[in-house]
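Asks: Quick one: the structure is below, questions incoming.
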Amino acid sequence: MATSLTTPIFAVQRDAERAAFDFDWLQTHHSFSFADYFDPNNLNWGALRVFNDDTVQPGKGFGTHPHRDMEIITYVLRGELEHRDSLGHHGIVSPGGVQYMSAGTGVRHSEFNHSAENDVHFVQMWVLPRAAGEAPAYGQREFAQSERTNQWLTIASGERGIDAPIAIRQDATLRVARLEDAQLEIKLAPGRYGFVFVADGEVTANNEHLVKGDALRLRDVPPLSFTGSAELVFWDVPALDTHG
């Protein structure tokens, strides 16, 4: 039965409930259907289509492959991620840094662990754009740890009235925070979809204990507080039917 938009949703996806694959050079966890993992009941959360938690071994990576009509943001948690694309861009992203791409009409790129000695851990997130067929774009941005310590750091947004260093082509906003024995609150507007991922550490929210790899899916809930010590990734996205 379809769920009314006015029905509050507070759903926990535990670390072990994600699809997990070990390819030797890559250890990956998928929060939503992706590649060899397909669940028709777990395709997206609002306009958030992909949330992959990846660890790539030294010197390994993803060879050149295509994307189109997708907003793609990669947030590095540990190590250094090297990127090249068909638009001529090349960069190395350090911990706390972001590489972003509006794939638009099409782009080919590769992503590799820059280190020959240490692994790289990152989350890659895809958001469906407002419209298809736009020109591709790319960028990279570094952030200091202090910018997200015990506060929400707005990384990217396409929402009107929200100031963000990275512009994306959807009415969605990405924020991150590093809690150090502290508390932070989130608020969602009616009908908006929230996705909060615990990238490291542990927190409590609504009497739920959340640890590394756990995530919350939220809609039409009251303001929610997170208490503890953790690295958090928070998406605020529109309903999927607002896309297009």
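Asks: For the chain, what % of the accessible area comes from carbon and sulfur atoms, probe 1.4 Å? Could the numbers behind the result be given before it?
Replies: Working: 5360 of 11010 Å².
The computed percentage sits at 49.
Asks: GNM, the chain, Cα, under 10 Å: largest mean-square fluctuation among 104, 161, 191?
Replies: 161
Asks: If you count only protein heavy atoms with a 1.4 Å probe, what accessible area per residue comes out for the stretch 103-244, rounded to a whole Å²?
Replies: 43 Å²
Asks: I've got another one for you. Determine the relative contact order of the chain: mean sequence separation of Cα pairs under 8 Å and six or more apart, normalised by residue count, in whole percent.
Replies: Reported as a whole number, the value is 21 percent.
Asks: Moving on. Given Cβ point charges of +1 (Lys, Arg) and -1 (Asp, Glu) and nothing else, what value in debye, to the nearest 20, does the dipole of the chain about its Cα centre take?
Replies: It comes to approximately 640 debye.
The values are calculated or read from the model by the stated rules, or taken from the named source; none is laboratory data. This structure is a prediction, so every number in the text was calculated from the model and none was measured. Every residue, glycine among them, receives a Cβ derived from its backbone with ideal geometry; neighbour counts consider all protein chains shown. When the accessible area is computed, the model is the full protein with side chains, heavy atoms only, and any ligands, DNA or RNA have been set aside. Shrake-Rupley method; radii C 1.70, N 1.55, O 1.52, S 1.80 Å.
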